[in-house]
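A.B. asks: Please read through the structure below; I'll follow up with questions.
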Amino acid sequence: MRPASLPLILAAILAPLLAVVPTAHAQGTTVPPVFKRYNLRCLAPLLKDLDPEEPENLDQAFLAGPAGSAERVSNDDPASDERVGTSAIRLPITTKSPDAQSHFNRGLALLHTLWYREAEHAFRSVVHHDPDCAMGYWGLAMANELRPGRARLFARTAVMKSNRSLSPIETRWIQILANYYEVSASTPLQPPQEREIGSNDSLESRTAERLHALEDLVIDFPDEIEPKAFLLRQLALDKFRANIPVTTTLGAEHLAQELAQNQPDHPSRHYLIFLWLDRRPERGIAFANSAPHLSPGVAETWRYAGEAYAAADRLHEAITLYEAALRVDHQLMEQRLLMPAETENLGGNYEVLIQTLADMGRIDEALDWSKRATRFPTSMLVRENSTLPLPEVDLPAMGHRLSLELLARGERWETLLEEATADSNRLADFESRSRQLFWKGLALHFLDRGDEVRATADEVLQLLRTALKEGVSNKTERSISASLGALQACSKLLQDASPAAFSTGTAPDLLTPQILILLYDKAGLTNEAASLARDLAASHPRRVYPVATHCYLAFKSDNRKEASLHFNRLFRADAARTDPDLPALRRLDPLAADMQLPTPWTLPTALAVPPSLPADLSDLGPGKWTPPLAPDFSLQDHAGKIHSLADFKGKPVLINFFLGIRCAFCLEQLNVFKPHLEEFTDAGIEFVSISSDSLELLQENFGKLPEKRAGFEEEFPYLVLADPALESFKSYRAFDDFEDGPLHATVLIDGDGRVRWADRGHSPFREPSALLREAQRLLALEIP
């Protein structure tokens, strides 16, 4: 039994940790060698009530972002300076630190590639080395332009740090920023609600004023590169973000050509892709061919190039560029032990590749990529008070959702029924389970087992009742109701053969045009199916799947002229790369015979490869993401015994990095995990904690014998290792060099020593049940 005095001892140890003590920097004295804001080891108390999008002061703004400054990026790093275009940046800033200038150049290059998170790391490093560098805060504001609450605080700080020593062009840069965010040195930290920076009523006018100011900057500093680059940037981006039309795209292209001539390696070439994307996308191809060479270590530059090819209806080439983007993502993730939530737009890059493959009739490849997505760690376990924005897409959920949609588009009804039936009970959330049941019911319909659909609909109804009883959100309730409504509408359509079964907007994410066409055709509503297929093909004239469906239905409706018009040589060449057994193409055999075409009627052609691609795609990174190998460690427990990762070979282990037995929030987290330790053990997962405490401190509390002192064995019923040098914290990226201190981290390592899941941050992870489910899912997956 734990001694009665132990809680008092622990309380006495923990009490001082709740006081926030400003550093010497905050008190206005000597700046320390690191940009440390607090003398607290654990910053979790400061995050408890912090709004990451509307921080109240500069200190909170730093906390509400990616932990740490820029890493010392080595030449072999996927995102090394030479691979992001840093060498072409020319914007001297007022600073006494060469390191600050170097990091500023890198941050500027990253801004041009729109890699915001990495850019913020770089600009944090600027103020790390020179806390009074006004342009460092300017960069931080620019890196947060999609998070205006934070950007405004950094912009105000840039104004406050300005002085007469700044060069004229620096002063102008900061003034443009200040005008955009409507800040001055005396501006209140919190803007009045009626002047909220993100509001639509002021966005257009402020954006237009910024464009005029950048034009003046180009005119007044004709020999400078960056004014031209940023004017081009804003012309391209503001067109999409603030609906500011580009009055002369050719004029913007002329500006870009001048920029390219003066600085050929400047990482801004892709802005021209955006400028031409919705007007004359074929003009963007030349820029798509050159832009990735300037920043090959940035996944998004390959994605932008793919968008240019896709907009120009060169879909097969776009697919190879989308794959290139994912290879760069994979390499960066493996090298830096990054999770999907820490990787910029990874989910979006996966989805655009999968959807484009499907549209081109390459269902097998699309299914392979969607299955790869399901192997990633889920992003649903991001901390409740995370300072990072949640990822737009959770990869495993997205991959699973797309797999079912792809099976339906490929009309693989038996396989769809199998997967929908097998997985429905394993899904944790109500929305996913209801969608799963919809796909099960749809497969039953196409397998002519309509009598079983009613029971499936009853399952969805019961799921809705259970969800309402548990008090789910309105969004979840609407999603389940939509699945039920869509399934009932399908039954009514097939029973009554009337398109009136579908009300306007019935579950559009489930009843997509492709699915509706299949349903109409099955119900014998050929004209309705043909009309929908015609519209779909008109909006996607080079996408094989919709065009094939249109040709089939036009021919079926005796509209031979329209069918043969689209069944042209270009379509037949594209069709040569589709799945050989795709039903949508096999249904075209009668049309080909009617046109007296040879068998097979496809026209094999060489697959064009964008010139920007390397000869070997593996140079960019691996095609499949593999969980990275966990760094080894060699640490002592309280009895002085050395433990390493090799001790756990063959057994999964959950490692909890905590900031010491004097950290109240760490102990709170550990206490949350304690009731679940037996469940982890039953699942074959060992629990180990690594503390930043010294061996002496552990021995002072636990004793020097293998068995901990009375009371402490109950408090810490798991292996505790000492890492006062923080070497393992740093190797597992559980360290914030900006605050010069360790981070909380929870890391799952499988029996082969690979990192399967990780959560790192200033606040600890407190969801053991969810993590156990995720661990069991991940450990059941084989490493490809």
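A.B. asks: Compute the normalised compactness of the stretch 708-771: alpha-carbon radius of gyration over 2.2 N^0.38 Å, N being the residue count.
C.D. replies: 1.29
A.B. asks: So how do T207, T512 rank on accessible area, 1.4 Å probe, biggest first, that is with the largest at the start?
C.D. replies: Numbers: T207 0, T512 35 Å².
My answer, sorted largest first, is T512, T207.
A.B. asks: With viscosity set to 1.002 mPa s and temperature to 20 °C, compute the Stokes-Einstein D of the stretch 554-713, Rh being the Kirkwood radius across alpha carbon pairs; µm²/s, no decimals.
C.D. replies: On the way: Rh = 22.8 Å.
Roughly 94 µm²/s, to the nearest whole number.
A.B. asks: Given H placed on each backbone N at 1.01 Å, which residues far from L719 in sequence or on other chains put an amide H within less than 5 Å of it?
C.D. replies: S689
A.B. asks: While we're here: Please report the equivalent ellipsoid semi-axes of the stretch 333-372, computed as sqrt(5 x eigenvalue) of the Cα gyration tensor, largest first, in whole Å.
C.D. replies: 24, 10, 6
A.B. asks: Find the Rg to Rh ratio for the stretch 44-192, where Rh is the Kirkwood radius over alpha-carbon pairs and Rg uses the same atoms.
C.D. replies: Values: Rg = 14.8 Å, Rh = 15.4 Å.
Expressed as Rg/Rh, it is 0.96.
A.B. asks: For the stretch 409-489, what are Rg and Dmax over the alpha carbons, in angstrom?
C.D. replies: When restricted to the Cα atoms of the stretch 409-489, Rg and Dmax are 12.3, 37 Å.
A.B. asks: Provide the three semi-axes, in whole Å and in decreasing order, of the ellipsoid equivalent to the stretch 412-568 as defined by the square roots of 5 times the Cα gyration tensor eigenvalues.
C.D. replies: Equivalent ellipsoid of the stretch 412-568: 32, 15, 14 Å, largest first.
A.B. asks: Counting DSSP beta bridges with both partners in the chain, what percentage is antiparallel, nearest 5?
C.D. replies: Expressed as a percentage, antiparallel bridges in the chain total about 65.
A.B. asks: With only alpha-carbon pairs counted, each pair once and no self-pairs, how large is the Kirkwood hydrodynamic radius of the chain in angstroms?
C.D. replies: Across the chain, the inverse of the average 1/r is 29.2 Å.
A.B. asks: For the stretch 478-558, divide the Cα radius of gyration by the Kirkwood radius and give the resulting Rg/Rh value with two decimals.
C.D. replies: Ratio value, two decimals: 1.00.
A.B. asks: Could you tell me what fraction of 2.2 N^0.38 Å the Cα radius of gyration of the stretch 622-755 comes to, as a two-decimal ratio? List each step's numbers first, then the result.
C.D. replies: Working: Rg = 14.8 Å, N = 134, 2.2 N^0.38 = 14.1 Å.
Its radius of gyration relative to the 2.2 N^0.38 Å reference: 1.05.
A.B. asks: Distance between the C-alpha centers of the stretch 347-382 and the stretch 119-152? Whole Å please.
C.D. replies: A separation of 34 Å, based on Cα centres.
A.B. asks: Can you give me the Cα centroid spacing of the stretch 723-764 and the stretch 197-251 in angstrom?
C.D. replies: 41
A.B. asks: Gap in Å between the Cα centre of the stretch 530-595 and the Cα centre of the stretch 401-476?
C.D. replies: When both Cα centres are located, 30 Å separates them.
A.B. asks: Which lysines does K96 reach when only Cα atoms under 16 Å apart count, and residues fewer than 8 places away in its own chain are ignored?
C.D. replies: K161
A.B. asks: Something else: How long is the stretch 260-386 along each principal axis, judged by its Cα atoms, biggest number first, in Å?
C.D. replies: If we take the Cα atoms of the stretch 260-386, the spans are 46, 36, 25 Å.
A.B. asks: So, one more: Quickly work out the A615-to-Q335 label distance, labels modelled 7 Å from Cα along the C-beta direction, and quote it in nm with one decimal.
C.D. replies: Placing both labels 7 Å along Cα→Cβ, they lie 2.2 nm apart.
A.B. asks: Okay, moving on. Mind checking which of T626, S612, P583 is farthest towards the positive end of the stretch 545-638's charge dipole, using Cβ charges of +1 (Lys, Arg) and -1 (Asp, Glu) about the Cα centre?
C.D. replies: P583
The values are calculated or read from the model by the stated rules, or taken from the named source; none is laboratory data. Keep in mind the model is a prediction, meaning the values are calculated, not measured. Ideal geometry is used to build each Cβ from the backbone, glycine not excepted, and the neighbour counts take in all protein chains shown. Calculation scope for accessible area: heavy atoms of the full protein, side chains included, ligands and nucleic acids excluded. Shrake-Rupley method; radii C 1.70, N 1.55, O 1.52, S 1.80 Å.
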